[in-house]
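As structure tokens, the structure follows; a few thoughts come after it.
Each value in this text was obtained by applying a stated rule to the coordinates, not by laboratory testing. Everything quoted here is computed from the prediction, not taken from an experiment. For neighbour counting, all protein chains shown are included, and Cβ atoms are generated from backbone atoms with ideal geometry for every residue, glycine included.
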């Protein structure tokens, strides 16, 4: 089991949802902790609580935005942010639709705890890998805090 697989399993056991986990991984890549930001990801969990778009999809977009978006006066978003989001969401749509029949939480886990435990860990890991790949392809180093990368 890889270190990331172990970390995802650990967070799932501690009852964090996919959206929390992806943001925790994004923060931890920089040695950071931000409980408020992780807490805000609760609004995306379980398809926004209604089985809508998978929390890994929406949180993945948030994680990309965390690295490449704008957060304060004088800061600029990465010029390729839209392309990054397009790459990531296109991949997620193809992968989830091909494997589970759709991008909604209801399609992926079908409100079945057994399917959730079977499918979600692998989907979270694949999503995190794609986030890292997408950012790297556009020159973003996930270990560098955004304000240090975009002075």
**Fill in**
The residue that is nearest to the chain's Cα centre (by Cα), considering only those in region 29-45 that are in a helix (DSSP H, G or I) and farther than 21 Å from residue 85 by Cα, is 39
**Request:** Can you work out which of the residues in region 61-85 that are over 14 Å from the mean Cα position of the chain (by Cα) and part of a helix (DSSP H, G or I) is farthest from residue 40 (Cα to Cα)?
**Result:** 83
**Message:** Quick check on region 3-20: of everything there that is farther than 16 Å from residue 113 by Cα and touching a helix residue (DSSP H, G or I) at 6+ places or on another chain (Cβ under 8 Å), which residue is surrounded by the fewest Cβ atoms within 10 Å (Cβ to Cβ)?
**Reply:** 5
**Item:** Where residue 103 falls short, out of the listed (1) touching a residue at least 24 places away in the same chain (Cβ under 8 Å); (2) more than 24 Å from residue 38 (Cα to Cα); (3) surrounded by 17 or more Cβ atoms within 10 Å (Cβ to Cβ)
**Value:** (2)
**Prompt:** Just a yes or no: is a residue in region 111-124 within 20 Å of residue 82 (Cα to Cα) and buried (at least 18 other Cβ atoms within 10 Å of the Cβ)?
**Reply:** no
